[in-house]
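The numbers here are math on the coordinates, done by the rules we state, and not lab data. In this text, all values refer to a predicted model and were calculated from it rather than measured experimentally. Note that we place each Cβ from the backbone using ideal geometry, even for glycine, and neighbour counts take in every protein chain shown.
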Amino acid sequence: MMILLLAAAAWAAPFFGLEYSPFSRGDLTWVDEDRTSGALVGEFDGLVRPNLQAFVGGWVGEYVALSGTFGVARLQNVTWVEDIYRQRHWGVLRPGFDVRIAPLKRQHRVPTLWFLLGCHGDIPSARDISNGYTDEEQEASDETALGERARLGGVGARVGVGVEQKIAPTISVGALYAVEWQRSVLESDDASAVSSWLSSRAALMLTFHWPGRKQTPSGQGDESEVESTSKNNTSEE
């Protein structure tokens, strides 16, 4: 995924931006109903995916753009009692990937409309170890950590629509509305539980653009150089 993003950014028109979803009453309700993971690092805890999120990518043509995000959260506790230690940690890595598809050719003077298709994964990590545990206690601890990893992990997707307008040659502002889906699976020897969440999300966007490099028919120079040469020739005539 990252290779594709870097290739798109290097070959086409790279951009870096911020996506901001304002704090809402739904966030308060989620906390009040005790829906958080309890480890601070879950998908909906607000750290691995904060309200203000950065993204990077590039337009690979006039109609398609690729972008990605990366979130990380980790909590670790270490306690010592004389020579006995106990170490516990919980963490999540959250890579995300989006594809923007513009139905119309992008123009600088009018807003650009695009449709969004995205996916992400929550890669969990959790462990509880101690040199004071017996074999049975360590085995029980490992089983508990396995359940915590299953609870913190998950996959998701989103589908939406966005619009952006350039307010300067290299800066644009925009808005996004998407329907998002999250799924996680918790399995044990006796039973399994599948949970999913579907909701809508609106966000404001601020994006910084860099000009893309395009080869001339002769294979030398970029688009800006070609335009500059054309203007000079016109003025000389």
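Assorted remarks:
- Segment GLN165-GLU137, extension gain: residue separation times 0.36 nm, minus the distance between their alpha carbons: 4.2 nm
- Cα→Cβ-extended label distance, 7 Å offset, between ALA54 and LEU18, nm: 1.1 nm
- Placing a pseudo-label 7 Å from each Cα along the Cα-to-Cβ vector at HIS108 and LEU206 gives an inter-label distance of 2.2 nm.
- Between ARG74 and LEU28, the modelled label-to-label distance comes to 3.5 nm, taking each label 7 Å out from Cα in the direction of the beta carbon.
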